[in-house]
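Only one structure is covered here, and it is reproduced in the block below.
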DNA sequence: GTCTATAATGAGATAGAC
DNA sequence: GTCTATCTCATTATAGAC
């Protein structure tokens, strides 16, 4: 892995752990084992490096989601697999957590991958629901599922425990099972 | 309003707008129209001031929630009123947004009001659901409702639009209406 | 109680040697 | 390509005058 790649990977980790505003170029350099000159040779500055890091993380998240959502089973089974996927709940969502950072939301270039990722995810879930669960509004229910996940992370971090996340996921799956009549 | 109160109010606003890490004592002082000496006379420092600000915001949020949840109607009607309450969606939840800030989550004193607030809210919603909606797991569904709200804020900020928030709320209410058989 | 120094530390980036 | 100064500004506080 070259220096530029190590810088991007370090940035990805730090954005997940601390967010954008609280991540300093200095910390990125230290974790990547690179000097300042090296960083400013490969990237124009912190925003440029962060943009590359966020795009890479967004692409990875989408690939991981597709694995569950294109898997075997009907809509509710695929969504269940997606929601039950192993996650580092107390670290939060590497994309969703950035939505609280003013430095991200106020910069169109940095916010764009977040918007694109969630718009795609809601659309894909809505497709699945429209096919198999006619009893519900597919678009609204898809938004609820993604929001449950993102809000579950928030509640877990506030509680210092994964329990609220697991409850929230169980709750939305319970409601979905009523909609399919397979309760 | 005395100087100490103005400092706390300024801190509350800035915590909501920027979070804890990105809020500087300097910014607090400027907004409150107070000097540095004044702030350090009334408070030991930024964490002390933030603790007071967060406790005050949490108390206010709880009072506002109780107004809807103790209002007229059955469980689903009260929850609907709570979810439809007017909110500044793109600013996010003044309590929930702090859960993404490492400076809050890593400090037990600053995290405690978040935990207490969400634990109370989930409990209160679960009480209402247990009375009127026997078809669902009250605790899990309560967690889903709170998570939908918190996740709805995240999606709205990522999108730069209130639309995903409104969809998520509509979705969870649609699912709840199935559970009561009043669809 | 409130004010104005003062100061140590880090952020974020540029310059120029190697 | 990478390194080590260097620079400017903000952060977070302390000290002491008023």
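Laboratory data are not the source of any read-out in this text; all were calculated from the coordinates shown. Model, not experiment: these values are computed from the prediction. A quick note on method: Cβ atoms are made from the backbone with ideal geometry, for glycine too, and the neighbour counts reach across all protein chains shown.
Say R0 is 56 Å: what FRET efficiency, to the nearest 0.05, do residue B:130 and residue A:112 get from their beta-carbon distance?
Working: r = 43 Å, r/R0 = 0.77.
E(calc), rounded to 0.05, equals 0.80.
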Distances from residue B:132 to the same position in the other copies: list them in nm, one decimal, shortest first, using label points 7 Å from Cα along Cα→Cβ.
3.2
Taking Cα centroids, how far is segment B:1-25 from segment B:38-59 in Å?
8
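Among B:23, A:148, A:162, what is the fewest-to-most ranking by other Cβ atoms within 10 Å? Before the final figure, lay out each step's value.
Details: B:23 23, A:148 29, A:162 17.
Ascending Cβ contact count within 10 Å gives the list A:162, B:23, A:148.
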Residue exposure sequence - A:17, B:131 - by fewest surrounding Cβ within 10 Å:
B:131, A:17
Using R₀ = 56 Å, calculate the FRET efficiency as 1/(1 + (r/R₀)^6) where r is the Cβ-Cβ separation of residue B:81 and residue A:67; round to 0.05.
0.90
Once the label point is placed 7 Å from Cα along Cβ, list for residue A:45 the distances to the corresponding points in the other copies, in nm, shortest first.
3.0
If you put a point 7 Å past Cα along the Cβ direction, how far is that point for residue A:181 from the same point in each other copy, in nm, smallest first?
1.6
Can you sort B:3, B:141 from fewest to most other Cβ atoms within 10 Å of each residue's own Cβ?
B:3, B:141
Give the Debye-formula value of log10 I(q)/I(0) at each listed q (0.18 Å⁻¹), with one equal scatterer per alpha carbon of segment A:3-180, two decimals each.
-1.13
